[in-house]
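S.K.: My questions all concern the structure below.
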Amino acid sequence: MTSCQIWFLNTLVDIHVSEADGKDGISVLEHRAPFGDSPPLHVHHTEDEIFHIIDGEFRMNIAGEIRRCGPGGILLAPKGIPHTYRVDSSTGGRWITVTAHGDFERFVRAAGRRAERVELPPLMGPPSPEAIRHLAALAAKFQIELIGEPLQ
């Protein structure tokens with residue numbers, strides 16, 4: 001297993017275990033994100049997603065319930081359930097996600113690009129409507145549905 005760093009939207013993702021490494025399609029990804037990072041509310045249709053917070057303070061919306069989570073916290077976003085997060089700590093956040101079946105990892109690889117440096121990518125401004133449509137279409141190829149706004 002070799003680690004692979006990807007710039008995915010405003011985050012740096014380090015793929016520690018790829019879905020192709022084992023027989024069960026398990027992915028273990030480490031994420032780093034800046035303050036305020038929040039993806040659109042979304043649903044994974046084929047995979048549960050486990051979040052293990054390493055650094056920072058997070059607000060999680062799982063099935064409409066807002067939870068706060070800090071270092072050491074572990075939350076499950078079951079497949080088919082809408083969820084998102086927001087990094088609320090000024091120093092950013094770092095967490096691990098664990099999924100099975102490979103759809104989320106393949107989406108990260110398809111939507112991201114190889115990191116030029118092992119640091120956060122240059123911040124992107126708010127996405128254009130065209131960029132949002134493109135991201136939604138790409139996510140749909142991996143059984144992920146964007147259904148709402150990021151957390152504010």
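The values are calculated or read from the model by the stated rules, or taken from the named source; none is laboratory data. Model, not experiment: these values are computed from the prediction. FYI the Cβ positions are ideal-geometry reconstructions off the backbone, even for glycines, and counts take in every protein chain you see.
S.K.: Starting from segment 7-35, take each residue that is closer than 14 Å to His101 by Cβ and modelled with pLDDT under 95 and list its partners that are among the charged types (D, E, K, R) and part of a loop (DSSP other than H, G, I, E, B), counting only C-beta distances under 8 angstrom and pairs at least six apart or across chains.
M.R.: If the second residue must be among the charged types (D, E, K, R) and part of a loop (DSSP other than H, G, I, E, B), the pairs left are Gly25/Glu19.
S.K.: I'd like to check something: does segment 49-57 contain any residue that is closer than 15 Å to Leu151 by Cα and in contact with a Ser or Thr (Cβ under 8 Å, 6 or more places away or on another chain)?
M.R.: Yes, there is a match, as at least one residue in segment 49-57 is closer than 15 Å to Leu151 by Cα and in contact with a Ser or Thr (Cβ under 8 Å, 6 or more places away or on another chain).
S.K.: For the structure I just gave you, tell me whether Arg67 is surrounded by 12 or more Cβ atoms within 10 Å (Cβ to Cβ), of a type outside the set (Ser, Thr, Tyr), over 20 Å from Ile6 (Cα atoms) and over 14 Å from the mean Cα position of the chain (by Cα).
M.R.: So Arg67 passes the test.
S.K.: Would you mind stating whether His52 is surrounded by 16 or more Cβ atoms within 10 Å (Cβ to Cβ) and touching a strand residue (DSSP E or B) at 6+ places or on another chain (Cβ under 7 Å)?
M.R.: yes
S.K.: Which count do you get for residues in segment 88-123 that are closer than 14 Å to Pro34 by Cα and either of a type in the set (D, E, K, R) or not in a loop (DSSP other than H, G, I, E, B) (or both)?
M.R.: Number of matching residues: 5.
S.K.: Same structure, new question: State yes or no: is Arg106 more than 14 Å from Glu47 (Cβ to Cβ), in contact (Cβ under 8 Å) with a residue 24 or more places away in the chain and under 13 Å from the mean Cα position of the chain (by Cα)?
M.R.: no
S.K.: Could you please find all residues in segment 4-60 being in a loop (DSSP other than H, G, I, E, B), in contact with an Asp or Glu (Cβ under 9 Å, 6 or more places away or on another chain), more than 20 Å from Gly92 (Cβ to Cβ) and not aliphatic (A, V, I, L, M)?
M.R.: Ser18, Glu19, Gly25, His45, Thr46, Glu47 - these are the residues of segment 4-60 that are in a loop (DSSP other than H, G, I, E, B), in contact with an Asp or Glu (Cβ under 9 Å, 6 or more places away or on another chain), more than 20 Å from Gly92 (Cβ to Cβ) and not aliphatic (A, V, I, L, M).
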